[in-house]
Amino acid sequence: MANKLVAGHLCTQHDLYYMVLSLPDPVTGKKKPVWFPTGLKVKGNKTQANKMLQKARREATKGILPPRPKAGKSDQDYLPVVAAGDLRSSMLFSQYILYWLQANRTTWEETTYAAYYGVIVHAIAPYFEERLIPLDKLTTMDIQNFYSSLKQKGDSGNTILHYHANIRKSLADAVKKYKLIPYNPAADVTRPKIDNFVSNYYDAQQLAIMLEAFKGSSIELPVTLAAFYGFRRSEVLGLKWSAIDFKNNTITVSHTVSRAKIDGKTQLILKNRTKNKSSFRSLPLIPQVKRMLLQARDKQKRNQKACKKQYNTDFLEYICVDDMGNLLFPDRVSRGFSEKIKRLDLPYIRFHDLRHSCASLLLANGISLKEIQLWLGHSNFATTANIYAHLDMSSKQASAATIAGCLALEPSTSPE
């Protein structure tokens, strides 16, 4: 006798069709509605959506569930279809964490939301939805197994720790804010170990070769600023002419430019503040950099005059722009840097490793870790020490000299 066709129907949410299949709970065996996106807009697609539904019902009867949406789709292709009034402890954990993502969207900055979205939509929710685990049945072991699967795929401890933070925060709200479950199963999970970070960097000679190679390129200025000051990419691209005091010879970091994928589209995020309070800093304007900046300012004026109406005047206040006045896109800078480095007879480093190169150069020339913390704009000394303490040979040499002086040994004499 043929298996009875899995029950299902269409629903609409956010002007899109969703397929709702009645599937058995893996724990209780009771049928529960599980939502699957079609990617079809409501207008003009009812026939097509019905065809997709009937196919999904037939395949689900054989144990084959509809595929998850691919990365890069719009948020609307994979949003929770749960209203606040429909929250319940028996809903799937995958549904709940997607609801939590959207419910908190307005409380986070765009870059924070984009980071959470990438983790939850493309990793956490798909894993748990495949297992159809209800929120109130989620266990510490379920979460631990998820982390083990990530480790097997090669994800670092640092990456898994980001996943853990998302899961723990969402479940904390399920306990305290929504009162859906009595305790947080993520609280008892063994936290993933943070991998020891060893930065890649260039020495003074390698930096000189690299800077020479970038002369005249479209990203010469951001590369030079990152090498001389150890600026983050967002800090380099966020520099404005108002941040440069040519009279008192200072350069101030107070604005950032980054990118984030929001609603399926990559966007520039312009912020009139830095990563943290310590990142807001003023530093001396190095003479070589001052000359470059003055030349760049003159060049921008010439380009604007030559291009006339075709010149983009939206970013006149920014330093790192192309010949047409367009703000340099973060990915363009990183990609251009990577492509050039691969062609040089130097070890490969990332654009961010220019920051590490700057720090290692300072350290090698007797600058203390505390001074380097202030130069780089780290929020606390521990961050600087954790990254660069292994390079601090000056203090180790002093320690070696001290111990040698305390434990001086007489030269051994050969036996007669």
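Just checking, which of Gln288, Gln295 is open to solvent by 70 Å² or more (accessible area, probe 1.4 Å) and in contact (Cβ under 8 Å) with a residue 60 or more places away in the chain?
Going through Gln288, Gln295 in turn, just one is open to solvent by 70 Å² or more (accessible area, probe 1.4 Å) and in contact (Cβ under 8 Å) with a residue 60 or more places away in the chain: Gln288.
Only residues that are assigned to a helix (DSSP H, G or I) and either open to solvent by 40 Å² or more (accessible area, probe 1.4 Å) or in contact with an Asp or Glu (Cβ under 9 Å, 6 or more places away or on another chain) (or both): list them for segment 150-164, please.
Correct list: Lys151, Gln152, Gly157, Asn158, Thr159, His162, Tyr163.
Of all residues in segment 105-149, how many are in contact with a Ser or Thr (Cβ under 9 Å, 6 or more places away or on another chain) and assigned to a loop (DSSP other than H, G, I, E, B)?
3
So how many residues does segment 41-61 have that are of a type in the set (Ser, Thr, Tyr) and over 16 Å from Leu16 (Cβ atoms)?
1
If only one of Leu225, Leu221, Leu207, Leu270 is touching a Ser or Thr at 6+ places or on another chain (Cβ under 9 Å) and either among the acidic types (Asp, Glu) or part of a helix (DSSP H, G or I) (or both), which one is it?
None of the others qualify; the one that does is Leu207.
Are any residues in segment 113-133 open to solvent by less than 30 Å² (accessible area, probe 1.4 Å), closer than 20 Å to Leu65 by Cα and touching a Phe, Trp or Tyr at 6+ places or on another chain (Cβ under 7 Å), and if so, which ones?
Val121, Ala123, Ile124, Phe128, Ile133
How about segment 342-372: which of its residues are modelled with pLDDT of 90 or more, surrounded by 13 or more Cβ atoms within 10 Å (Cβ to Cβ) and either assigned to a loop (DSSP other than H, G, I, E, B) or touching a Ser or Thr at 6+ places or on another chain (Cβ under 7 Å) (or both)?
Those that are modelled with pLDDT of 90 or more, surrounded by 13 or more Cβ atoms within 10 Å (Cβ to Cβ) and either assigned to a loop (DSSP other than H, G, I, E, B) or touching a Ser or Thr at 6+ places or on another chain (Cβ under 7 Å) (or both): Leu344, Leu346, Ile349, Arg350, Phe351, His352, Asp353, His356.
Kindly list the number of the only condition in (1) under 28 Å from Leu354 (Cβ atoms); (2) surrounded by 17 or more Cβ atoms within 10 Å (Cβ to Cβ) that fails for Glu110.
Glu110 satisfies every listed condition except (2).
The values are calculated or read from the model by the stated rules, or taken from the named source; none is laboratory data. Being a predicted model, the structure only gives us computed values, none of them experimental. Methodologically, a virtual Cβ is constructed for each residue, glycine included, from the backbone with ideal geometry; neighbour enumeration extends over all protein chains shown. Ligands, DNA and RNA are excluded from the accessible area calculation, which covers all protein heavy atoms including side chains. Shrake-Rupley method; radii C 1.70, N 1.55, O 1.52, S 1.80 Å.
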